[in-house]
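Here the structure comes first, spelled out in structure tokens, and everything after it is commentary.
The values are calculated or read from the model by the stated rules, or taken from the named source; none is laboratory data. Everything quoted here is computed from the prediction, not taken from an experiment. Glycine also receives a Cβ, built like all others from the backbone with ideal geometry; neighbour counts cover every protein chain displayed.
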């Protein structure tokens, strides 16, 4: 009887161990899917490149004070914090772009890094610009971060944060 009980206990132990290993494998596979493949099974590298292009388009739109891009790509729920700490929504952001007294000689996005997590992406980049204020040429750099969500109509920016890099040059963004 003791042998039978021992054999039953060993059998149950094997079943539990193999069940736990199966759960660990399932959990690991789930985590891998979450980090490596976006919702809908799209091509992660293609999506990264699409967001890189959107970041470059945003820089060009800022240089030209063109709000069309932001109306199309920024979500109606967009919120951001400008480099001087002001919180803005989509309408305020567009107003800042259109009403800027600064005329940029150039404004470019570089060092663009994209992380995709299912239907969400985080873009970080360096915004570099040159503009003239009171006849004096000014160079400025900002670190920017944007949060994107993938919608049926494409990627949309829902949030952003800009931070001035030294030397701290005040600008409207």
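When residue 106 is tested against (1) free of Cβ contacts under 8 Å to residues at least 40 places away in the same chain; (2) loosely packed, with under 13 Cβ neighbours inside 10 Å; (3) touching a helix residue (DSSP H, G or I) at 6+ places or on another chain (Cβ under 8 Å), exactly one condition is not met: (1). Kindly indicate whether any position in the stretch 17-31 is modelled with pLDDT of 95 or more and surrounded by fewer than 13 Cβ atoms within 10 Å (Cβ to Cβ). Within the stretch 17-31, none of the residues are modelled with pLDDT of 95 or more and surrounded by fewer than 13 Cβ atoms within 10 Å (Cβ to Cβ).
Scan the stretch 122-142 and give yes if some residue there is without any contact (Cβ under 8 Å) to a residue 24 or more places away in the chain and closer than 14 Å to residue 82 by Cα, otherwise no. No, every residue in the stretch 122-142 fails to be without any contact (Cβ under 8 Å) to a residue 24 or more places away in the chain and closer than 14 Å to residue 82 by Cα. Every test in (1) in a strand (DSSP E or B); (2) free of Cβ contacts under 8 Å to residues at least 40 places away in the same chain is passed by residue 85 save one, and that test is (1).
Screening the candidates 75, 119, 159, 144 for the property of being surrounded by 14 or more Cβ atoms within 10 Å (Cβ to Cβ), within 20 Å of residue 44 (Cβ to Cβ) and under 14 Å from the mean Cα position of the chain (by Cα) yields one hit, 119. Selection of first residues in the stretch 59-74 that are assigned by TED's automatic domain parsing to the domain that holds residue 100 and of second residues that are surrounded by fewer than 14 Cβ atoms within 10 Å (Cβ to Cβ) and assigned to a helix (DSSP H, G or I), restricted to Cβ pairs under 8 Å at least 6 apart or on distinct chains, gives the following pairs, ordered by first then second residue: 61/68; 65/98; 67/98.
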